[in-house]
(Lines give C-alpha, C1' and ligand atoms only; values in the text may rest on other atoms or scores of the structure.)
Protein backbone atom coordinates (compact mmCIF):
# COMPACT_ATOMS: atom_id res chain seq x y z
CA UNK A 1 0.00 0.00 0.00
CA UNK A 2 1.48 3.32 -1.03
CA UNK A 3 1.90 5.90 1.74
CA UNK A 4 2.21 8.93 -0.47
CA UNK A 5 1.15 10.31 -3.77
CA UNK A 6 2.96 12.90 -5.88
CA UNK A 7 1.20 15.08 -8.42
CA UNK A 8 3.41 16.79 -10.99
CA UNK A 9 1.96 19.72 -12.90
CA UNK A 10 2.99 19.18 -16.52
CA UNK A 11 2.54 22.85 -17.36
CA UNK A 12 5.08 23.94 -14.74
CA UNK A 13 7.64 21.09 -14.83
CA UNK A 14 10.77 21.95 -16.82
CA UNK A 15 12.57 18.65 -16.30
CA UNK A 16 15.56 19.92 -14.31
CA UNK A 17 15.75 16.66 -12.35
CA UNK A 18 16.26 18.13 -8.85
CA UNK A 19 13.31 16.13 -7.48
CA UNK A 20 14.66 12.91 -9.01
CA UNK A 21 18.13 13.58 -7.57
CA UNK A 22 16.86 14.03 -4.02
CA UNK A 23 14.13 11.36 -3.97
CA UNK A 24 15.48 8.96 -1.34
CA UNK A 25 12.96 6.25 -2.20
CA UNK A 26 13.52 6.41 -5.99
CA UNK A 27 9.83 6.99 -6.59
CA UNK A 28 10.52 9.71 -9.12
CA UNK A 29 12.39 9.10 -12.38
CA UNK A 30 13.10 11.16 -15.46
CA UNK A 31 10.78 10.17 -18.25
CA UNK A 32 12.25 9.03 -21.57
CA UNK A 33 9.22 9.68 -23.77
CA UNK A 34 6.92 12.00 -21.81
CA UNK A 35 7.33 15.69 -22.63
CA UNK A 36 6.17 18.79 -20.77
CA UNK A 37 4.22 21.55 -22.46
CA UNK A 38 7.61 23.29 -22.94
CA UNK A 39 8.94 20.32 -24.95
CA UNK A 40 11.32 19.08 -22.27
CA UNK A 41 11.52 15.60 -20.77
CA UNK A 42 9.62 15.67 -17.51
CA UNK A 43 9.84 13.93 -14.17
CA UNK A 44 7.50 10.99 -13.65
CA UNK A 45 5.98 9.53 -10.51
CA UNK A 46 6.84 6.05 -11.72
CA UNK A 47 6.97 3.99 -8.52
CA UNK A 48 4.15 5.07 -6.22
CA UNK A 49 4.58 2.06 -3.96
CA UNK A 50 7.86 3.25 -2.46
CA UNK A 51 6.83 6.89 -1.80
CA UNK A 52 6.61 7.82 1.89
CA UNK A 53 5.35 11.39 1.40
CA UNK A 54 8.48 13.04 2.85
CA UNK A 55 7.98 16.13 0.68
CA UNK A 56 11.65 16.71 -0.17
CA UNK A 57 10.82 16.88 -3.89
CA UNK A 58 8.47 19.78 -3.17
CA UNK A 59 11.09 21.97 -1.50
CA UNK A 60 13.68 21.15 -4.19
CA UNK A 61 11.34 21.97 -7.10
CA UNK A 62 12.16 25.53 -8.25
CA UNK A 63 9.10 25.75 -10.49
CA UNK A 64 6.29 25.01 -8.00
CA UNK A 65 5.24 21.98 -10.05
CA UNK A 66 4.92 19.32 -7.34
CA UNK A 67 2.31 18.57 -4.70
CA UNK A 68 2.66 15.69 -2.24
CA UNK A 69 -0.29 14.00 -0.57
CA UNK A 70 -0.30 11.54 2.27
CA UNK A 71 -2.61 8.58 1.66
CA UNK A 72 -4.70 7.98 4.76
CA UNK B 1 -8.28 15.97 -4.13
CA UNK B 2 -9.84 12.82 -2.74
CA UNK B 3 -11.09 12.38 0.80
CA UNK B 4 -8.44 9.81 1.64
CA UNK B 5 -5.56 12.15 0.80
CA UNK B 6 -3.99 14.84 2.95
CA UNK B 7 -1.74 17.56 1.55
CA UNK B 8 1.75 17.24 3.00
CA UNK B 9 3.59 19.86 1.01
CA UNK B 10 2.79 21.90 -2.04
CA UNK B 11 2.77 25.39 -3.42
CA UNK B 12 2.92 28.13 -0.74
CA UNK B 13 -0.46 29.76 -0.09
CA UNK B 14 1.01 33.18 -0.90
CA UNK B 15 1.43 32.19 -4.54
CA UNK B 16 -1.34 33.19 -6.91
CA UNK B 17 -2.53 30.32 -9.04
CA UNK B 18 -1.39 31.37 -12.50
CA UNK B 19 -2.19 29.08 -15.44
CA UNK B 20 1.12 29.69 -17.23
CA UNK B 21 4.60 28.45 -16.30
CA UNK B 22 6.95 30.82 -14.52
CA UNK B 23 9.39 32.76 -16.67
CA UNK B 24 12.41 30.89 -15.35
CA UNK B 25 14.92 28.73 -17.25
CA UNK B 26 15.27 25.01 -16.64
CA UNK B 27 16.80 24.45 -13.20
CA UNK B 28 16.96 28.15 -12.26
CA UNK B 29 16.81 28.43 -8.47
CA UNK B 30 15.16 31.84 -8.28
CA UNK B 31 11.96 29.86 -7.72
CA UNK B 32 13.51 28.06 -4.75
CA UNK B 33 14.89 31.33 -3.36
CA UNK B 34 11.41 32.81 -3.58
CA UNK B 35 9.91 29.74 -1.97
CA UNK B 36 12.30 29.91 0.97
CA UNK B 37 11.23 33.51 1.64
CA UNK B 38 7.53 32.76 1.13
CA UNK B 39 7.72 29.77 3.46
CA UNK B 40 9.42 31.89 6.13
CA UNK B 41 6.82 34.64 5.78
CA UNK B 42 4.04 32.07 6.18
CA UNK B 43 5.71 30.51 9.21
CA UNK B 44 6.10 33.90 10.89
CA UNK B 45 2.59 35.02 9.85
CA UNK B 46 3.81 38.14 8.05
CA UNK B 47 1.87 37.81 4.79
CA UNK B 48 -0.34 40.82 5.48
CA UNK B 49 2.40 43.07 6.90
CA UNK B 50 4.99 42.78 4.16
CA UNK B 51 6.16 45.11 1.41
CA UNK B 52 8.31 43.34 -1.16
CA UNK B 53 10.72 45.56 -3.10
CA UNK B 54 11.93 43.73 -6.20
CA UNK B 55 15.29 44.77 -7.62
CA UNK B 56 16.31 44.29 -11.22
CA UNK B 57 16.78 40.52 -11.41
CA UNK B 58 15.23 37.51 -13.13
CA UNK B 59 13.42 36.72 -9.89
CA UNK B 60 11.53 40.02 -9.73
CA UNK B 61 8.71 38.26 -11.56
CA UNK B 62 7.99 36.35 -8.36
CA UNK B 63 6.78 39.58 -6.73
CA UNK B 64 3.84 39.61 -9.12
CA UNK B 65 2.73 36.01 -8.74
CA UNK B 66 2.27 36.38 -5.00
CA UNK B 67 -0.35 37.89 -2.72
CA UNK B 68 2.09 40.24 -0.97
CA UNK B 69 2.24 43.98 -1.64
CA UNK B 70 5.08 44.45 -4.08
CA UNK B 71 6.86 47.11 -6.08
CA UNK B 72 9.34 46.45 -8.83
CA UNK B 73 11.48 46.40 -10.73
CA UNK B 74 12.70 49.55 -9.02
CA UNK B 75 15.63 51.52 -10.56
CA UNK B 76 18.67 49.32 -10.93
CA UNK B 77 20.46 48.75 -7.64
CA UNK B 78 18.34 51.23 -5.67
CA UNK B 79 16.08 48.78 -3.87
CA UNK B 80 17.66 49.46 -0.41
CA UNK B 81 17.12 53.21 -0.93
CA UNK B 82 13.47 52.72 -1.81
CA UNK B 83 13.03 50.35 1.10
CA UNK B 84 14.68 52.92 3.40
CA UNK B 85 12.26 55.60 2.24
CA UNK B 86 9.35 53.23 2.86
CA UNK B 87 10.69 52.47 6.32
CA UNK B 88 10.66 56.13 7.26
CA UNK B 89 7.11 56.57 5.97
CA UNK B 90 5.60 53.43 7.45
CA UNK B 91 4.84 52.22 10.95
CA UNK B 92 6.87 49.59 12.75
CA UNK B 93 4.28 46.90 12.05
CA UNK B 94 5.22 46.93 8.37
CA UNK B 95 8.00 44.56 7.32
CA UNK B 96 10.02 45.71 4.34
CA UNK B 97 12.22 43.35 2.36
CA UNK B 98 14.14 43.66 -0.86
CA UNK B 99 14.79 40.83 -3.29
CA UNK B 100 17.88 41.52 -5.36
CA UNK B 101 20.34 39.73 -7.58
CA UNK B 102 24.11 39.91 -7.24
CA UNK B 103 24.46 42.28 -10.19
CA UNK B 104 21.82 44.51 -8.63
CA UNK B 105 23.01 44.49 -5.03
CA UNK B 106 26.79 44.30 -5.28
CA UNK B 107 27.60 45.77 -8.71
CA UNK B 108 25.51 48.86 -9.54
CA UNK B 109 23.86 48.96 -6.11
CA UNK B 110 26.88 48.49 -3.84
CA UNK B 111 26.71 52.06 -2.57
CA UNK B 112 23.00 51.76 -1.78
CA UNK B 113 23.46 48.46 0.01
CA UNK B 114 26.44 49.56 2.09
CA UNK B 115 24.95 52.90 3.05
CA UNK B 116 21.66 51.29 4.03
CA UNK B 117 23.57 48.86 6.25
CA UNK B 118 25.68 51.64 7.75
CA UNK B 119 22.54 53.67 8.53
CA UNK B 120 21.13 50.63 10.36
CA UNK B 121 17.92 50.79 8.35
CA UNK B 122 15.35 48.36 9.70
CA UNK B 123 15.03 46.50 6.41
CA UNK B 124 15.97 43.02 5.23
CA UNK B 125 17.90 42.53 2.01
CA UNK B 126 17.87 39.16 0.25
CA UNK B 127 20.59 38.85 -2.37
CA UNK B 128 20.36 35.91 -4.76
CA UNK B 129 23.90 35.21 -5.93
CA UNK B 130 24.32 33.24 -9.15
CA UNK B 131 27.83 34.63 -9.95
CA UNK B 132 26.87 36.22 -13.28
CA UNK B 133 24.46 38.69 -14.87
CA UNK B 134 21.78 36.13 -15.64
CA UNK B 135 19.07 38.46 -16.95
CA UNK B 136 21.19 39.90 -19.73
CA UNK B 137 22.85 36.68 -20.89
CA UNK B 138 25.58 35.59 -18.51
CA UNK B 139 28.13 38.41 -18.47
CA UNK B 140 30.84 38.61 -15.83
CA UNK B 141 29.68 40.02 -12.49
CA UNK B 142 31.72 41.24 -9.50
CA UNK B 143 30.88 37.93 -7.85
CA UNK B 144 32.24 35.78 -10.70
CA UNK B 145 34.91 33.34 -9.53
CA UNK B 146 38.55 33.69 -10.59
CA UNK B 147 39.02 31.57 -13.72
CA UNK B 148 35.31 31.23 -14.41
CA UNK B 149 34.29 31.58 -18.04
CA UNK B 150 31.44 33.92 -18.91
CA UNK B 151 30.40 35.62 -22.15
CA UNK B 152 32.53 38.68 -21.31
CA UNK B 153 35.44 36.71 -19.85
CA UNK B 154 35.74 33.91 -22.44
CA UNK B 155 39.18 32.81 -21.25
CA UNK B 156 38.23 32.89 -17.60
CA UNK B 157 38.25 35.76 -15.15
CA UNK B 158 41.77 36.98 -14.50
CA UNK B 159 42.85 38.92 -11.44
CA UNK B 160 45.03 41.33 -13.42
CA UNK B 161 42.31 43.26 -15.23
CA UNK B 162 39.04 41.98 -13.84
CA UNK B 163 39.99 41.85 -10.19
CA UNK B 164 38.75 39.70 -7.37
CA UNK B 165 35.26 38.52 -6.39
CA UNK B 166 33.32 40.39 -3.69
CA UNK B 167 31.94 38.48 -0.72
CA UNK B 168 28.82 40.46 0.03
CA UNK B 169 27.79 38.77 3.28
CA UNK B 170 31.21 39.33 4.90
CA UNK B 171 31.36 42.89 3.53
CA UNK B 172 28.01 43.82 5.05
CA UNK B 173 28.85 42.05 8.31
CA UNK B 174 31.70 44.44 9.18
CA UNK B 175 29.42 47.48 9.13
CA UNK B 176 28.18 48.79 12.46
CA UNK B 177 24.52 49.02 11.53
CA UNK B 178 24.22 45.40 10.52
CA UNK B 179 22.44 43.18 13.03
CA UNK B 180 22.46 40.00 10.99
CA UNK B 181 24.38 38.70 7.98
CA UNK B 182 24.38 35.16 6.64
CA UNK B 183 24.91 33.13 3.50
CA UNK B 184 22.94 30.03 2.56
CA UNK B 185 22.50 27.76 -0.45
CA UNK B 186 19.64 25.66 -1.80
CA UNK B 187 21.59 22.68 -3.09
CA UNK B 188 19.91 20.05 -0.93
CA UNK B 189 16.90 19.79 1.40
CA UNK B 190 19.28 20.19 4.37
CA UNK B 191 20.75 23.39 2.94
CA UNK B 192 17.25 24.60 2.11
CA UNK B 193 16.19 24.23 5.74
CA UNK B 194 19.36 25.98 6.97
CA UNK B 195 18.74 28.87 4.59
CA UNK B 196 15.15 29.03 5.79
CA UNK B 197 16.45 29.35 9.34
CA UNK B 198 18.70 32.25 8.27
CA UNK B 199 15.83 33.97 6.47
CA UNK B 200 13.58 33.67 9.50
CA UNK B 201 16.29 35.01 11.79
CA UNK B 202 16.89 37.96 9.47
CA UNK B 203 13.17 38.78 9.45
CA UNK B 204 13.09 38.45 13.23
CA UNK B 205 15.83 41.10 13.56
CA UNK B 206 13.60 43.49 11.69
CA UNK B 207 10.51 42.57 13.71
CA UNK B 208 12.50 43.17 16.92
CA UNK B 209 13.72 46.54 15.55
CA UNK B 210 17.41 45.74 16.03
CA UNK B 211 19.07 46.73 12.78
CA UNK B 212 19.85 45.95 9.17
CA UNK B 213 19.70 42.29 8.17
CA UNK B 214 21.12 40.63 5.10
CA UNK B 215 20.94 37.12 3.66
CA UNK B 216 22.85 36.00 0.59
CA UNK B 217 21.44 32.94 -1.18
CA UNK B 218 23.66 31.00 -3.61
CA UNK B 219 21.60 29.96 -6.59
CA UNK B 220 22.18 27.82 -9.67
CA UNK B 221 22.02 29.35 -13.15
CA UNK B 222 22.34 26.31 -15.47
CA UNK B 223 21.48 28.20 -18.66
CA UNK B 224 24.39 30.64 -18.28
CA UNK B 225 26.84 28.32 -16.55
CA UNK B 226 26.47 25.84 -19.42
CA UNK B 227 25.97 22.82 -17.19
CA UNK B 228 23.11 20.38 -16.64
CA UNK B 229 21.01 21.48 -13.64
CA UNK B 230 21.98 18.67 -11.26
CA UNK B 231 25.70 19.23 -11.95
CA UNK B 232 25.22 22.89 -11.08
CA UNK B 233 24.17 21.94 -7.56
CA UNK B 234 27.32 19.82 -7.19
CA UNK B 235 29.43 22.66 -8.57
CA UNK B 236 27.98 25.02 -5.95
CA UNK B 237 28.76 22.52 -3.18
CA UNK B 238 32.28 21.71 -4.38
CA UNK B 239 33.60 24.91 -5.95
CA UNK B 240 31.45 27.93 -5.20
CA UNK B 241 31.34 27.41 -1.44
CA UNK B 242 35.15 27.62 -1.30
CA UNK B 243 34.94 31.27 -2.32
CA UNK B 244 31.58 31.84 -0.64
CA UNK B 245 31.50 29.83 2.61
CA UNK B 246 28.05 29.18 4.06
CA UNK B 247 27.04 30.26 7.52
CA UNK B 248 26.26 33.24 9.73
CA UNK B 249 28.76 36.10 9.84
CA UNK B 250 27.04 38.39 12.28
CA UNK B 251 24.21 37.89 14.75
CA UNK B 252 23.67 40.71 17.24
CA UNK B 253 20.90 41.08 19.81
CA UNK B 254 21.51 44.81 20.07
CA UNK B 255 23.62 47.30 18.15
CA UNK B 256 26.39 48.85 20.22
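Could you identify the single residue in B:48, B:43 that is more than 23 Å from residue A:8 (Cα to Cα) and without any contact (Cβ under 8 Å) to a residue 12 or more places away in the chain?
Just one listed residue meets the conditions, B:48.
Here are some residues: B:33, B:23. Which one is within 12 Å of chain A (Cβ to nearest Cβ) and either more than 20 Å from the chain's Cα centre (by Cα) or assigned to a loop (DSSP other than H, G, I, E, B) (or both)?
Selected residue: B:23, the only one of B:33, B:23 that is within 12 Å of chain A (Cβ to nearest Cβ) and either more than 20 Å from the chain's Cα centre (by Cα) or assigned to a loop (DSSP other than H, G, I, E, B) (or both).
Could you please let me know if residue B:155 is out of contact with any helix residue (DSSP H, G or I) (no Cβ under 8 Å at 6 or more places or on another chain), buried (at least 23 other Cβ atoms within 10 Å of the Cβ) and farther than 26 Å from residue B:52 by Cβ?
For residue B:155, the condition - out of contact with any helix residue (DSSP H, G or I) (no Cβ under 8 Å at 6 or more places or on another chain), buried (at least 23 other Cβ atoms within 10 Å of the Cβ) and farther than 26 Å from residue B:52 by Cβ - is not met.
If I ask for residues that are touching a residue at least 60 places away in the same chain (Cβ under 8 Å), in a helix (DSSP H, G or I) and out of contact with any helix residue (DSSP H, G or I) (no Cβ under 9 Å at 6 or more places or on another chain), which ones from the stretch B:201-212 would you list?
Listed by number, the residues that qualify are B:205, B:206.
Could you grab me the full set of residues in the stretch B:213-256 that are crowded, with 16+ Cβ neighbours inside 10 Å, within 14 Å of another protein chain (Cβ to nearest Cβ) and in a loop (DSSP other than H, G, I, E, B)?
B:219, B:220, B:221, B:227
Would you be able to tell me the number of residues in the stretch A:2-57 that are touching a helix residue (DSSP H, G or I) at 6+ places or on another chain (Cβ under 8 Å), over 17 Å from residue B:7 (Cβ atoms) and facing chain B (nearest Cβ under 7 Å)?
Selection size over the stretch A:2-57: 5.
Any idea which of B:105, B:117 is surrounded by 19 or more Cβ atoms within 10 Å (Cβ to Cβ), assigned to a helix (DSSP H, G or I) and either more than 15 Å from the chain's Cα centre (by Cα) or modelled with pLDDT of 95 or more (or both)?
B:117 is the lone residue from the list that is surrounded by 19 or more Cβ atoms within 10 Å (Cβ to Cβ), assigned to a helix (DSSP H, G or I) and either more than 15 Å from the chain's Cα centre (by Cα) or modelled with pLDDT of 95 or more (or both).
The values are calculated or read from the model by the stated rules, or taken from the named source; none is laboratory data. Just so it is clear, the model here is predicted, and its values are computed rather than measured. Using ideal geometry, Cβ is built from the backbone for each residue, glycine included, and neighbour counts are taken over all protein chains shown.
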